[in-house]
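Undergrad: Below is the structure I would like to discuss, written out as structure tokens.
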């Protein structure tokens, strides 16, 4: 179960970065900014999703993986959902998508990479290998789905769907109980 939860977290945390290209141009038109300015939004997201590691690991050490995953998922959900509603404000996208969702993604990253190692001793490498496959799966699936949805339903729907992914991790995070 722990491996599945961490697999799901790996899938979710990279979905936004793999889907971003599908709505980069429409988002630039909506915000009336150039492509390089839109790329800054993604750069802030990626920066926060890896630089916040000490914060995420401190929370995991203090409160456990369960709380860390649920908090990161909640931050990702709020950030993505607010990005759906942020109409023409570039700074809102920087804050909600870039910073808030980015830090939430880092909490999922730390949890998905470290939690599996605490539950397995004999087959630890196999369990970690399976849990990290979520990143590869999202690299294959998410861009195709994001492009399809953007072309047929609009780019805002992609934000709405991306906000739903962390919601599943909130529920999965409840399954990460402390090891006895």
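Undergrad: Only one of (1) part of a helix (DSSP H, G or I); (2) surrounded by fewer than 19 Cβ atoms within 10 Å (Cβ to Cβ); (3) touching a residue at least 24 places away in the same chain (Cβ under 8 Å); (4) more than 14 Å from the chain's Cα centre (by Cα) is not met by residue 148, so which one is it?
TA: Answer for residue 148: the failing condition is (3).
Undergrad: Among the residues of the stretch 3-16, is any over 17 Å from the mean Cα position of the chain (by Cα), more than 13 Å from residue 106 (Cα to Cα) and surrounded by fewer than 17 Cβ atoms within 10 Å (Cβ to Cβ)?
TA: Let us first name the residues in the stretch 3-16 that are over 17 Å from the mean Cα position of the chain (by Cα), namely 3.
Filter once more, keeping what is more than 13 Å from residue 106 (Cα to Cα): 3.
In the following step, the residues that additionally are surrounded by fewer than 17 Cβ atoms within 10 Å (Cβ to Cβ) were identified as none.
There is no residue in the stretch 3-16 that is over 17 Å from the mean Cα position of the chain (by Cα), more than 13 Å from residue 106 (Cα to Cα) and surrounded by fewer than 17 Cβ atoms within 10 Å (Cβ to Cβ).
Undergrad: Taking the stretch 21-45 as the region of interest, how many residues are within 22 Å of residue 145 (Cβ to Cβ) and either without any contact (Cβ under 8 Å) to a residue 24 or more places away in the chain or outside any helix (DSSP H, G or I) (or both)?
TA: The first filter runs over the stretch 21-45 and keeps only residues within 22 Å of residue 145 (Cβ to Cβ), leaving 21-30, 38-39, 41-42, 45.
Now restrict to residues that are either without any contact (Cβ under 8 Å) to a residue 24 or more places away in the chain or outside any helix (DSSP H, G or I) (or both): 24-25, 28-29, 38-39.
The total comes to 6.
Undergrad: Before we move on, is residue 97 out of contact with any strand residue (DSSP E or B) (no Cβ under 6 Å at 6 or more places or on another chain), closer than 18 Å to residue 23 by Cα and assigned to a helix (DSSP H, G or I)? Show your work before the answer.
TA: Details: out of contact with any strand residue (DSSP E or B) (no Cβ under 6 Å at 6 or more places or on another chain): yes; closer than 18 Å to residue 23 by Cα: yes; assigned to a helix (DSSP H, G or I): yes.
Yes: the conditions hold for residue 97.
Undergrad: Considering only the stretch 97-116, state which residues are buried (at least 24 other Cβ atoms within 10 Å of the Cβ) and within 18 Å of residue 160 (Cα to Cα).
TA: 97, 98, 101, 102, 104, 105
Undergrad: Keeping to the stretch 49-64, report how many residues are in a helix (DSSP H, G or I) and touching a residue at least 12 places away in the same chain (Cβ under 8 Å). Write out each step before concluding.
TA: From the stretch 49-64, those in a helix (DSSP H, G or I) are 49-51, 53-63; that's our starting set.
So of that shortlist, the ones also touching a residue at least 12 places away in the same chain (Cβ under 8 Å) come out as 49-51, 53, 55-57, 59-60.
So the count comes out to 9.
Rundown of residues vs (1) within 21 Å of residue 6 (Cα to Cα); (2) out of contact with any helix residue (DSSP H, G or I) (no Cβ under 7 Å at 6 or more places or on another chain), yes/no style:
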residue	(1), (2)
61	yes, yes
72	yes, no
80	yes, no
83	no, no
95	no, yes
99	no, no
104	yes, no
112	yes, no
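Let's see how each residue does on (1) surrounded by 24 or more Cβ atoms within 10 Å (Cβ to Cβ); (2) part of a helix (DSSP H, G or I); (3) touching a residue at least 40 places away in the same chain (Cβ under 8 Å); (4) within 16 Å of the chain's Cα centre (by Cα):
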{"residue": "47", "(1), (2), (3), (4)": "no, yes, yes, yes"}
{"residue": "68", "(1), (2), (3), (4)": "yes, yes, yes, yes"}
{"residue": "81", "(1), (2), (3), (4)": "no, yes, yes, yes"}
{"residue": "87", "(1), (2), (3), (4)": "no, no, yes, no"}
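Undergrad: Scan 2, 87 and give me the residue that is over 29 Å from residue 154 (Cα atoms) and at pLDDT below 90. It would help to see each step written out before you state the result.
TA: Values: 87 fails: over 29 Å from residue 154 (Cα atoms).
None of the others qualify; the one that does is 2.
The values are calculated or read from the model by the stated rules, or taken from the named source; none is laboratory data. As the structure is a computational prediction, the values presented were derived from the model and not from experiment. Glycine gets a Cβ as well: all are built from the backbone with ideal geometry, and neighbour counts include every protein chain shown.
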